[in-house]
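The values are calculated or read from the model by the stated rules, or taken from the named source; none is laboratory data. Remember, predicted model here, so these are calculated numbers, not experimental data. Positions of Cβ are generated from backbone atoms using ideal geometry, with glycine treated the same way; all protein chains shown enter the neighbour counts.
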Amino acid sequence: MPGLEDLYREIILDHYRSPRNRGELPSPPAHRVEGFNPLCGDEVVVSLDVADGQLRDIKLAGSGCSISQSSGSLMSAAVKGKPIDEVRELIRVFKTMMSVHEASLGDDRTTGAEDSPAEPEPVDVSKLGELAALQGVVKFPVRIKCATLSWNALTQGLDELASA
Amino acid sequence: MTVHDPIDVEVIRKDFPLLTRTVHDRPIVYLDSASSSLQPRQVLAAMDHYYETTHANVHRGVYATAEGATELYEGARRKVGRFIGAPDPKREIVFTKNATEALNLVANSWGRSNLAKGDVVVLTEMEHHANLVPWLMLAESIGLSLRYLPIDGQGRLDLSDLDRIVDGAKVVALSAMSNVLGTINPVPTIAEAAHRAGAVVVVDGAQSVPHLPTNVTTLGADFLAFSAHKMEGPTGIGVLWGRAELLAAMPPFLGGGGMILDVSLEGFTPAEPPWRFEAGTPPIAEAVGLAAAVDYLTGVGMEHIVAHERLITTYAIEALHERLGPDCTIFGPPPGGDRGGVLSLAYRDVHAHDLAQVLDQFGVCVRPGHHCAKPLMRKLGVTATARASIGLYNDERDIDTLIEGLNHVGTVFG
C-alpha cells in the first residue's frame, strides 16, 4: 500500500512552500501558455523566453495543489537556461516516468510498434535529478494529471513556438 | 442538552454493504453523499430480483414478463410522484438519465418553445453547472438576458432586491439546496415573487430531494429535477417533474421509439407526456431501484432523516470549530433550519486535493474540487474546497475521524 510519504517527499513540500521561478514574464516578447485541470480547477500560466534554440527564462504562475505546484517549480528549475533539445528530452523522460504516452509529444522515439504501448521503457532516474522525487505520484493515479499539468503547458508552448 | 436522534444509525448502517469495507486498513468513512449516496441492500435486491424474474422491455410485449416489467416501471413512476407530492403522479413524472438531463430537457423543450431573443432568465450565483450551462447554451443560441440572484457573506441568497431582479423574467431557475454551501434556499418565497412576475419556476432538487421532505406544490415549483443516485438509488436514472399542463404543451426533447403516437415517412405525432419525453428503452431496472430507494427513505421517514442529519451537521460544524479553531474554514451558513449537511472546508492554506489525499489515508471519502460550481468558487475566492457531505448513515464518529485526518494534514504540511 502506498503511503503518504511516497507522495509528499521533502523536496516536493519544499518546492510547494517556496516555489522557484514564480511569476510571469512580460508577454510579448515572452510566450505565454495556460494550462487547466478541469477536474480540480487547478491552473498554471507558463511564460517562456526562447531564443537561439535555448530556453533562456521561464516563469510559472497560477494556483493548485502541492503536486501541481511543486512539479511546476521543479520543472522550471530543471529546464531554465537549457537548450530546447535537452528540454524536450527531459519532458520525454519525465512523462515516461509518469507513464503518460502522448502522441502530442511527437518525438517519442522509443515507441516502436504503434499499438503496443504496454511496457514503458525503464526510466534513467539519474537524468531527472530532483524531479525523481515525483516518482511516487505514479502510485496515486488520480494525481498524475496534477504532476503533468505544467509539463503539458510547457510542451504546448514549445510546440507553438516551433510552428510559429 | 442532548437532542434525541430519531434514527438508530447502527441499524441503518447494516443496510449498506459498502460501509463494511475497509480503505487502507481502516473502516471506510463515507462523507461524499452530495456527490453520490450509497445504496442499501434493499435497493440492490430489488434490482436483482427484477432482472432475475421480470426483465423485459416495457410498453411493447404482451407476454407476462413484459406486462410485469411495464407495471414495475409505471409503478415506480407513480411512487416517485407521490414521494414529491405530485398532483398527477402518473402523468407528471418523466424519467431521464439524471438531474442534469432533466434540466437540459426543460431548457431545450420548454425553453426553445417559450423563450425568444432578449427574454430574461433569472438564476442564482450558487448554481451547479447543471442548472447554469444549459441556460448559457440556450442564451448563446437564441440570445437570452441572464440575471443572477446574488449570495451574501454567509452563503445565503440575498433577496433584498428579489422583486426587481425577477421583474419581467420568463424563467427563475434555482437550486433548492446548494451542493457547495449546504444552504437550503427559501424556494417558496422566491417562487411566489417569480410567479407574481409571470415567470416559470425551475427547481434543481438534486441536493434537496434526498435530504428534505418535498412537496412540489408547497415548494411552488413548475419543474423539479433530481437524481436517483443521490437518494440511495442507482446511477443512470433521474427525474423531471413538471406541471401537467406545461408538459402537455412541450415538444419532445429526444426522438426515437416509445415517444410517438404515429410516424410516417413525412412526419410524426408525439405521444402524450410523460412518454413523449422518454425516447428509447428507458432505465427499467434503475426505475425499480429508485422505487425501492423511495420505499427505503419513506420507511426511515424523511422527517427523521432531516432531524438526524441536522444533528450530525451541527455536531460537525461545532466540533470542527472547537477542535481546529481558525485553521479550519467552513463555507456556508451556521447551523440552523436553512443549513443542510454539505460542508465545504478549507484547512489553513492547504489545497483541497492535498486535504482529500491525506483524508483518504484515514479511510475518509470527501470530494475535492470546484463541485461543478465554478462561478460560486470565484465568488468565494477559492479554486477548490474539500467537501464533506452527510447522509442518513453518518454519525459523530465519522466526523471525529474527519477531524483526526485534518489534524494529520497539519502534521504533513506543517
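Within the range B:376-394, the residues that satisfy the criterion of being out of contact with any His (no Cβ under 9 Å at 6 or more places or on another chain), touching a residue at least 12 places away in the same chain (Cβ under 8 Å) and not hydrophobic (A, V, I, L, M, F, W, C) are B:K379, B:S389, B:Y393. Could you give me the residue pairs with C-beta distances under 9 Å whose first residue belongs to the range B:191-209 and is within 23 Å of B:S113 (Cα to Cα), whose second residue is hydroxyl-bearing (S, T, Y) and part of a strand (DSSP E or B) wherever it lies, and which are 6+ apart or on separate chains? Close Cβ pairs (under 9 Å, with a partner that is hydroxyl-bearing (S, T, Y) and part of a strand (DSSP E or B)) amount to B:V203/B:S175; B:D204/B:S175. Considering B:A291, B:A307, B:A279, B:A319, the condition of being under 26 Å from B:K90 (Cβ atoms) and surrounded by fewer than 22 Cβ atoms within 10 Å (Cβ to Cβ) is satisfied by B:A279 alone.
Is there a residue in the range B:161-176 that is crowded, with 23+ Cβ neighbours inside 10 Å, among the polar types (S, T, N, Q) and touching a Lys or Arg at 6+ places or on another chain (Cβ under 8 Å)? No; the residues of the range B:161-176 include none that is crowded, with 23+ Cβ neighbours inside 10 Å, among the polar types (S, T, N, Q) and touching a Lys or Arg at 6+ places or on another chain (Cβ under 8 Å). For the structure I just gave you, tell me whether B:G369 is at positive phi and either in contact with a Cys (Cβ under 8 Å, 6 or more places away or on another chain) or outside the structural domain of B:D32 (by TED's automatic domain parsing) (or both). Yes: the conditions hold for B:G369.
For the range B:233-248, the criterion of being touching a Ser or Thr at 6+ places or on another chain (Cβ under 8 Å) and surrounded by fewer than 24 Cβ atoms within 10 Å (Cβ to Cβ) is met by at least one residue.
Please specify each residue of the range A:35-47 satisfying the condition of being under 17 Å from the mean Cα position of the chain (by Cα) and either more than 14 Å from chain B (Cβ to nearest Cβ) or at positive phi (or both). So that I can check it myself, show each step before the final result.
Pass one, the range A:35-47, residues under 17 Å from the mean Cα position of the chain (by Cα): A:35-37, A:42-47.
If the condition is that a residue be under 17 Å from the mean Cα position of the chain (by Cα) and either more than 14 Å from chain B (Cβ to nearest Cβ) or at positive phi (or both), then A:V46, A:S47 are the ones that fit.
The condition (being over 24 Å from B:G363 (Cα atoms), at the interface with chain B (Cβ under 9 Å from one of its Cβ atoms), buried (at least 19 other Cβ atoms within 10 Å of the Cβ) and of a type in the set (F, W, Y)) is satisfied by just one residue among A:Y16, A:Y8: A:Y16. Counting only residues that are in contact (Cβ under 8 Å) with a residue 24 or more places away in the chain and of a type outside the set (A, V, I, L, M, F, W, C), which one in the range A:48-61 is farthest from the other protein chains (Cβ to nearest Cβ)? The residue in question is A:G53. Looking across the range A:123-164, the residues that are within 14 Å of chain B (Cβ to nearest Cβ), crowded, with 16+ Cβ neighbours inside 10 Å, within 19 Å of A:L13 (Cβ to Cβ) and not β-branched (V, I, T) come down to A:G136, A:F140, A:R143, A:C146, A:A147, A:L149.
Do the conditions hold for B:Y30, that is, is it in contact with a Phe, Trp or Tyr (Cβ under 8 Å, 6 or more places away or on another chain) and either more than 30 Å from B:V358 (Cα to Cα) or away from chain A (no Cβ under 14 Å) (or both)? Before you say what the answer is, go through the steps one by one.
Numbers: in contact with a Phe, Trp or Tyr (Cβ under 8 Å, 6 or more places away or on another chain): yes; either more than 30 Å from B:V358 (Cα to Cα) or away from chain A (no Cβ under 14 Å) (or both): yes.
Here the answer is yes, as B:Y30 does meet what is asked.
Tell me, yes or no, whether the range B:285-297 has at least one residue that is without any contact (Cβ under 8 Å) to a residue 40 or more places away in the chain and out of contact with any Ser or Thr (no Cβ under 9 Å at 6 or more places or on another chain).
no
How do the strands (runs of 3 or more DSSP E) wholly within the range B:163-271 filter down when requiring 2 or more residues that are touching a strand residue (DSSP E or B) at 6+ places or on another chain (Cβ under 7 Å) and more than 28 Å from B:V306 (Cβ to Cβ): which remain? Even if it seems obvious, please write down each step before you answer.
On the way: elements: B:169-175, B:200-204, B:223-227, B:238-242, B:260-263, B:268-270.
In the range B:163-271, B:169-175, B:260-263, B:268-270 are the strands (runs of 3 or more DSSP E) which contain 2 or more residues that are touching a strand residue (DSSP E or B) at 6+ places or on another chain (Cβ under 7 Å) and more than 28 Å from B:V306 (Cβ to Cβ).
Selection of first residues in the range A:27-46 that are among the aromatic types (F, W, Y) and of second residues that are at pLDDT below 85, restricted to Cβ pairs under 9 Å at least 6 apart or on distinct chains, gives the following pairs, ordered by first then second residue: A:F36/A:D42. The set of residues from the range B:371-398 being closer than 17 Å to B:I330 by Cβ and either away from chain A (no Cβ under 13 Å) or surrounded by fewer than 24 Cβ atoms within 10 Å (Cβ to Cβ) (or both) comprises B:M377, B:K379, B:L380, B:G381, B:V382, B:A388, B:S389, B:I390, B:N394, B:E396, B:D398.
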